[in-house]
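Undergrad: Pasting a structure below so you can have a look.
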Amino acid sequence: QDVKLRFIAASFDAAGNFLKWQNLEGGILQLCPDTQTKLNAAYAFGTTYQQSCKISVSKVLLDFPNPIFYDLFLEYNGDNGQQNLWAVPVLNLNLQYSEMFINQGSSMNNWLLTRRFFLVDALSGKENDLGKPPRVIRIASKITISIRLVSHTQKGMIYPPLITVAYTDVLVQNPETQSVMVSFSVNYEMNQSEAQIQTDIALGVLGGLAVLWSLLKTAGWKRRTGSSIIDLQTVFKFLLFYAGDLANVFFIITVGTGIYWLVFFKGQQFVSVLLPLPSQEGEFVTYIACAFSLKALQLLQLLISQLTIDIFFIDWERPKGKVLKAIEGEGVIKSAAAPVSIWRTYFIANEWNEIQTVRKINPLFQVLAVLFFLEVVGFSSLALMDSSSSLSRSSESYIAPWSRILRFGVSAALWLAIAFLQIIFFSVFYERFVEDKISQFVDLCCMSNISVFLLSHSCFGYYIHGRSVHGHADTNMEEMNMNLKREAENLCSQRGLLPNTDGQTFQISISRKMRLHYDRIHESLTRKRGPARLLDSSANTFEQSTRAYNIMNKFLGAFIDHVHKEMDYIVKDKLLLERILGMEFMEPIEKSIFYNDEGHSFSDVLYYGNETTLLIFDILFFSIVDLASQSFVLAAILTYLQQEIFRFIRNTLGQKNLASKTLVDERFLI
């Protein structure tokens with residue numbers, strides 16, 4: 001049961017005669033009409049109460065013909081169980097001393113506290129005849145009871161309350177049409193300086209660690225780009241890395257703060273902590289805004305890097321037999337190698353195109369589930385500024401104002417919990433028993449006799465070894481089934497790059513010489529303009545591109561087969577520390593290095609490998625919209641739209657990049 005604040009008022013008439021003692025319940029000080037339940041909710045301990053309305057001047061004159069003065073007391077139990085009364089001081093904001101409103105300043109030392117106050121004075125404004133209506137009435141337009149909690153209290157001890165009253169003078173002209181705005185509120189506060197200090201310490205420590213982590217990332221990036229000099233681009237890249245890491249720091253602090261207040265404020269048996277006031281939430285909202293801005297910057301940088309990767313599909317298929325071919329202009333028939341079908345390459349390109357925006361969670365289900373728990377189950381009720389932890393509120397009960405900290409805490413906790421359950425379900429059940437798109441893509445490469453050569457940095461990338469163990473993949477259904485059967489019965493060699501291994505996926509660190517050779521061929525592969533275009537428009541360009549494609553295919557195939565001794569490579573395992581830090585200690589000077597990669601980390605160039613960044617951005621976007629609009633429904637709709645827009649951009653531009661880098665015509669990417 002809620003603890004009630006027991007306020008008692010001694011009332012007096014204008015002549016100073018004592019009238020009676022009365023309990024404040026029932027709306028004695030609340031000028032706004034409402035139900036008894038809602039009026040009495042003002043005195044439920046821990047419930048932030050706000051009530052405001054416009055009331056007619058004629059109603060005020062009718063209800064308060066004579067002023068009643070109140071002395072307010074708080075009833076409490078002493079140490080020996082005896083009932084005591086504590087006089088509640090009044091801060092009258094209209095009080096003047098030496099022609100100054102001394103109670104309107106922020107300095108408590110200058111305040112002049114009083115004991116007695118009134119709600120409506122319709123007597124002082126009467127001129128000459130007391131029987132006539134007053135010319136001016138004075139109304140207590142704003143009444144606030146402030147309750148401050150003693151720090152480190154275990155049993156909800158409070159300092160003496162303070163009642164603040166602001167009066168408004170109304171010139172009576174037409175009472176029927178005139179109205180005045182009045183409000184009544186109860187605020188709870190405690191010294192938040194300790195929580196603020198702890199937040200600042202956490203921000204300082206984590207911010208410092210973020211700097212170190214960003215420096216490590218920058219060092220790893222420098223190694224992967226094959227550059228050793230620190231230039232302006234390096235500084236810019238460090239700032240981008242730091243933006244992402246600092247966004248994570250702000251996110252951890254805001255989520256931690258939100259869940260801390262949610263658990264400790266809503267779960268306490270005796271009130272020992274109180275929520276920050278709305279005016280004290282400014283810094284928290286600023287942290288969320290900083291996290292969102294920095295995370296948005298990181299997401300844009302991630303998209304740009306993913307949309308500019310170099311990718312090539314190495315076709316291992318060799319011609320089967322020869323065909324007779326007429327040579328144009330010569331009138332003779334010569335035998336030539338049978339052409340190799342391009343359809344397998346188109347097929348793999350399509351599959352790669354499809355997995356570009358596959359995520360570990362279902363974004364639509366995520367948004368709908370969060371909305372369901374907030375609005376239907378009633379978790380949003382936990383964000384109200386009262387001590388109740390009930391998920392359902394009756395329409396008759398008073399609904400406290402929202403706390404922005406609790407709104408963020410509830411929504412972020414739900415987002416994280418549902419996403420965590422989705423990822424667990426996805427990795428434990430769905431990928432194991434339904435489909436694992438990333439592993440299936442690797443299998444498909446092997447069945448298609450196509451390898452994937454990816455470069456995400458100048459001298460770093462990924463390699464998927466898809467060379468068929470059966471020699472040919474361009475075959476009929478019967479032979480394909482026979483091949484699968486032989487593989488299932490271990491009647492053929494293993495799929496791995498190295499003999500007697502199964503390792504098909506690698507992180508690759510290539511030498512500068514290899515990269516320069518790749519760029520030379522790649523330049524002619526993607527060149528659309530130049531002297532050739534002036535000589536003979538499209539036909540010549542197309543021939544040149546086809547020739548460059550074949551050269552690239554042969555070059556990369558020869559590179560994998562160790563043909564180029566000056567551009568050879570070695571295969572090794574990454575050190576544990578290298579895996580943890582996400583960088584390579586060895587520099588590929590003479591030979592390139594292929595690192596065994598069982599974790600399919602080539603998904604880092606897809607949405608799939610960046611789920612954390614995408615999820616945090618979604619949570620922050622949802623929270624920013626909700627804090628601005630105070631609407632979970634609007635936040636959910638806009639979050640889903642944002643996800644779809646970014647997915648469309650990633651798909652469209654990713655498809656264009658795929659077409660330009662691999663020479664697969666965009667019309668075949670469906």
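The values are calculated or read from the model by the stated rules, or taken from the named source; none is laboratory data. The model shown is predicted, which means the values in this text are computed figures rather than measured ones. Using ideal geometry, Cβ is built from the backbone for each residue, glycine included, and neighbour counts are taken over all protein chains shown. We work out accessible area using only protein heavy atoms, side chains counted, and drop any ligands, DNA or RNA first. Shrake-Rupley method; radii C 1.70, N 1.55, O 1.52, S 1.80 Å.
Undergrad: Under 9 Å from the Cβ of Lys574, count the other residues' Cβ atoms, weight Lys and Arg +1, Asp and Glu -1, and hand me the total. Each step should come with its number before you reach the end.
TA: Numbers: positive: Lys572, Arg579; negative: Asp573, Glu578, Glu584, Asp597.
So the environment of Lys574 carries a net charge of -2.
Undergrad: List the residues whose amide H sits under 5 Å from the amide H of Phe117, counting only those 5 or more places along or on another chain, with H placed 1.01 Å from N in the peptide plane.
TA: Sorted by chain and number, the residues that satisfy this are Tyr70.
Undergrad: For region 164-179 and region 633-670, write down the distance between their C-alpha centroids in whole Å.
TA: Here the two parts' Cα centres lie 61 Å apart.
Undergrad: Which pairs in the list Lys217/Lys513; Lys334/Lys554; Lys554/Lys591; Lys20/Lys155; Lys295/Lys661 are over 21 Å apart, alpha-carbon to alpha-carbon? Walk me through the intermediate numbers first.
TA: Values: Lys217/Lys513 24 Å; Lys334/Lys554 24 Å; Lys554/Lys591 19 Å; Lys20/Lys155 32 Å; Lys295/Lys661 29 Å.
Violating the 21 Å limit, Cα to Cα: Lys217/Lys513; Lys334/Lys554; Lys20/Lys155; Lys295/Lys661.
Undergrad: If you count only protein heavy atoms and use a 1.4 Å probe, how large is the accessible surface of Ser279, to the nearest 10 Å²?
TA: The accessible area of Ser279 comes to roughly 100 Å².
Undergrad: Using θ = phi - 60° and the Karplus curve 6.51 cos²θ - 1.76 cosθ + 1.60, what whole-Hz ³J(HN,Hα) does each residue of region 580-592 get, with Gly and Pro shown as x?
TA: Running phi through 6.51 cos²θ - 1.76 cosθ + 1.60 with θ = phi - 60° gives 5, 7, x, 9, 10, 7, 7, 9, x, 8, 7, 10, 6 Hz.
Undergrad: Here is a follow-up. What is the spin-label model distance, in nm, from Val469 to Leu516 if the labels are put 7 Å beyond Cα along the C-beta direction?
TA: Using points 7 Å along Cα→Cβ, the separation is 4.0 nm.
Undergrad: Using DSSP to define loop residues, name the chymotrypsin sites (Phe, Trp or Tyr not before Pro) in region 240-311 whose beta-carbon has at most 13 other beta-carbon atoms within 10 Å. Display every interim value, and only then the final one.
TA: Numbers: sites: Phe241, Tyr242, Phe250, Phe251, Tyr260, Trp261, Phe264, Phe265, Phe270, Phe284, Tyr287, Phe292; in loops: Phe270.
Counting only loop positions with at most 13 other Cβ atoms within 10 Å, the chymotrypsin sites (Phe, Trp or Tyr not before Pro) in region 240-311 are Phe270.
Undergrad: Take the Cα pairs of region 7-189, get the Kirkwood Rh, then feed it into Stokes-Einstein at 37 °C and 0.692 mPa s and tell me D in µm²/s. List each step's numbers first, then the result.
TA: Working: Rh = 17.9 Å.
Here the translational diffusion coefficient equals 184 µm²/s.
Undergrad: Here's a follow-up. With all protein chains present, calculate the accessible area of Arg647 using a 1.4 Å probe and round the result to the nearest 10 Å².
TA: 90 Å²
Undergrad: With both partners inside region 7-189, how many of the DSSP beta bridges are antiparallel, as a percent to the nearest 5? Let's see the in-between values first.
TA: Working: 43 of 53 bridges.
Among the beta bridges of region 7-189, antiparallel pairing accounts for roughly 80 percent.
Undergrad: Can you compute the modelled spin-label distance between Ala219 and Leu277, with each label point 7 Å from Cα toward Cβ, in nm?
TA: Modelled inter-label distance: 4.9 nm.
Undergrad: Just name one of Leu653, Leu29, Leu212: the one whose Cα is farthest towards the positive end of the charge dipole of the chain (beta-carbon charges, Lys/Arg +1, Asp/Glu -1).
TA: Leu653
Undergrad: What residues of region 1-40 lie in the reach of a label at Asp63, counting those whose backbone N is under 14 Å from a point 7 Å from the Cα along Cα→Cβ?
TA: Of the residues in region 1-40, 26-36, 39-40 have backbone N under 14 Å from the label point off Asp63.
Undergrad: Tell me, what is the FRET efficiency for Gln268 and Gln96 to the nearest 0.05, using R0 = 41 angstrom and their Cβ-Cβ distance as r? If you can, show how the numbers build up before the last one.
TA: Working: r = 42 Å, r/R0 = 1.04.
For R0 = 41 Å, the calculated efficiency reads 0.45.
Undergrad: Test of understanding: what is the full-extension gain from Asp34 to Ala628, defined as 0.36 nm times their sequence separation minus their Cα-Cα distance? Can you show the working numbers first?
TA: Values: separation 594, 0.36 × 594 = 213.84 nm, distance 2.91 nm.
Full-extension gain reported as 210.9 nm.
Undergrad: For the chain, give the percent of accessible area contributed by carbon and sulfur heavy atoms, probe 1.4 Å, rounded to a whole number. Before the final figure, lay out the partial values.
TA: Values: 20310 of 34400 Å².
Solvent-exposed carbon and sulfur of the chain make up 59 percent of the total.
Undergrad: Could you give the length gained on full extension between Ala195 and Glu431, defined as 0.36 nm per residue of separation minus the Cα-Cα distance, in nm? Before the final figure, lay out the partial values.
TA: Details: separation 236, 0.36 × 236 = 84.96 nm, distance 4.32 nm.
Extending this stretch completely gives an extra 80.6 nm.
Undergrad: To continue, here is another question. Which value in nm describes the separation of the simple spin-label points at Leu212 and Glu598, placed 7 Å from the Cα toward the beta carbon?
TA: With each label placed 7 Å out from Cα toward Cβ, I get 3.0 nm.
Undergrad: Please compute the per residue accessible area over the chain with all protein chains in place, 1.4 Å probe, rounded to a whole number of Å². Write down the numbers at each step before the final one.
TA: On the way: 34400 Å² over 670 residues.
With the other protein chains kept in place, the chain gives 51 Å² per residue.
Undergrad: Please identify which residues in region 393-416 have an amide N closer than 11 Å to a label point set 7 Å out from the Cα of Ile637, following the Cα→Cβ vector.
TA: No residues fall inside that zone.
Undergrad: Give me the net charge for the shell around Lys126: Cβ to Cβ below 15 angstrom, other residues only, Lys and Arg +1, Asp and Glu -1. Walk me through the numbers on the way to the answer.
TA: Numbers: positive: Lys132, Arg135, Arg138; negative: Asp121, Glu127, Asp129, Asp169.
Cβ neighbours under 15 Å give a net charge of -1.
Undergrad: Counting Lys and Arg as +1 and Asp and Glu as -1, what is the net charge of the other residues whose Cβ lies under 14 Å from the Cβ of Val235? It would help to have the intermediate numbers written out before the result.
TA: Numbers: positive: Lys217, Lys222, Lys237; negative: Asp231.
Once all neighbours under 14 Å are counted, the net charge is +2.
Undergrad: HN-Hα J couplings of region 636-651 from phi, Karplus 6.51/-1.76/1.60, θ = phi - 60°, integer Hz, Gly and Pro as x?
TA: Ordered by residue, 3J(HN,Hα) equals 5, 4, 5, 5, 5, 4, 4, 4, 5, 5, 5, 5, 5, 4, 4, 5 Hz.
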